[in-house]
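The structure under discussion appears below in the form of structure tokens.
The values are calculated or read from the model by the stated rules, or taken from the named source; none is laboratory data. Not measured: the values here are computed from a predicted model. Methodologically, a virtual Cβ is constructed for each residue, glycine included, from the backbone with ideal geometry; neighbour enumeration extends over all protein chains shown.
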Amino acid sequence: MEKFYNALRSSPIKRARGGWIAGICAGIAQKFGWDVSLVRIAVLLSFLLPFIGVGTYLVAWLLLPTTDGKIVLERFTGS
């Protein structure tokens, strides 16, 4: 599992600090140089699609590392 987590840590998108909920939108906006409000609106619109928006957001929250390399799934599994 360590290889998997190291591969996730090398992801170009990180969960950013200062985000409203999990920092996903802030991280995406920071990576691509977009306005965070537009990313949040796009994510909220994706929540209208059954399971796709919320499911994708939850997966991103579990798998995307924070800027300091912490991964939520890794903490849940105790690895």
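Across region 8-38, what is the total count of residues that are touching a Pro at 6+ places or on another chain (Cβ under 9 Å) and of a type in the set (D, E, K, R)? Matching residues across region 8-38 total 4.
Of the helices (runs of 4 or more DSSP H) contained entirely in the chain, those carrying at least 3 residues that are modelled with pLDDT of 90 or more, within 13 Å of the chain's Cα centre (by Cα) and surrounded by 15 or more Cβ atoms within 10 Å (Cβ to Cβ) fall at 24-32, 36-46, 52-63. Of all residue pairs spaced 6 or more apart or on separate chains, those with beta-carbon atoms under 6 Å, a first member in region 1-24 that is farther than 12 Å from TRP61 by Cβ and a second member that is of a type in the set (S, T, N, Q) and part of a helix (DSSP H, G or I) are ALA16/GLN30. The set of residues from region 46-62 being farther than 25 Å from ARG75 by Cβ, among the aliphatic types (A, V, I, L, M) and touching a helix residue (DSSP H, G or I) at 6+ places or on another chain (Cβ under 8 Å) comprises just one member, ILE52.
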